[in-house]
Amino acid sequence: MNPLSGFRSGGVDEDQYDGWDEFVLANVPGPGPFLEDHRPLEGEDHVAVHERARELFEERGVYDATFGYNLAKLNLDRRHPDAGFRYALEDDGVLRAEFTPTTEFCPQADALLKGAFRAWNDHGGDREYELVRVRVRPSHNQTGSINDALEAAERRFRETGAVEFGAERSRE
């Protein structure tokens, strides 16, 4: 059981969240450069993908320690309308997931995005997408190193089908 699971839902502040079945454009980040040249998902399409993110993040323990909840819930948190995930589909069955953290110095961004990549891509043959590409917005102060690690993991995944981080260090 996730140590933060007591914070999953319920409580006195539940009215500060949109519903899981809602897409409130004003309360999700606008698409950034990683989604450029792709049509960002909206409405029911966004909700369906985000519900899957919620399920996978719950199974894999992708929790934001600052807020004490499943990272997917950040999209619903009205206190942070410009933070969370936006999605777009590529033509070849690949999903793009772009994450905007609540601050440009979010200390958990690296671990959260690696966890999100692992949750989306490392669960056997039960995948809706051939690959889910995950990136952090350029507003984060460690965008370069985080996105470089995600790109390297993506390359390894395409080559081997395994989700690994840091394996290329020995070759450099």
Scattering curve values for the stretch 57-119, log₁₀ I(q)/I(0), Debye with Cα scatterers, q = 0.16 Å⁻¹: -0.52
Calculated from backbone phi, Karplus (6.51, -1.76, 1.60) coupling profile of the stretch 26-41 in Hz, x at Gly/Pro: 5, 10, 10, x, x, x, x, x, 5, 9, 4, 6, 9, 8, x, 6
Glu164 accessible area, assembled protein chains, probe 1.4 Å, Å²: 80 Å²
Value of [θ]222 nm, deg cm²/dmol, for the chain, DSSP H segments ≥ 4, -39500 (n - 2.57) each, nearest 500: -9500 deg cm²/dmol
In Å², nearest 10: area of Thr160 left accessible to a 1.4 Å probe: 90 Å²
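Keeping all protein chains in place and using 1.4 angstrom, which order do Arg79, Arg137, Arg156 fall into by accessible surface area, from largest down?
The most accessible residue leads, giving Arg79, Arg137, Arg156.
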Karplus-derived HN-Hα couplings along the stretch 127-140 (A = 6.51, B = -1.76, C = 1.60, θ = phi - 60°), whole Hz, x at Gly and Pro: 10, 7, 10, 4, 7, 10, 8, 10, 9, 9, 5, x, 5, 7
Distant-in-sequence amide H partners of Val134 (H built 1.01 Å from N, under 5 Å): Ala97
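List the DSSP H helices in the chain whose Cα atoms stretch 24 Å or more along the helix axis and whose mean Kyte-Doolittle hydropathy is at least -1.0. Each step should come with its number before you reach the end.
Working: long enough: 43-60 (25 Å, -1.26); 143-160 (25 Å, -0.95).
Helices meeting the criterion: 143-160.
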Span per principal axis, largest first, for the Cα atoms of the stretch 37-172 (Å): 44, 32, 31
Backbone HN-Hα couplings from phi across the stretch 67-78 [Karplus 6.51/-1.76/1.60, Hz, Gly and Pro as x]: 9, x, 9, 3, 4, 4, 5, 4, 4, 9, 7, 5
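The values are calculated or read from the model by the stated rules, or taken from the named source; none is laboratory data. Keep in mind that what you see is a predicted model, and the values were worked out from it rather than measured. Areas reflect the complete protein model, heavy atoms only, side chains present, ligands, DNA and RNA absent. Shrake-Rupley method; radii C 1.70, N 1.55, O 1.52, S 1.80 Å.
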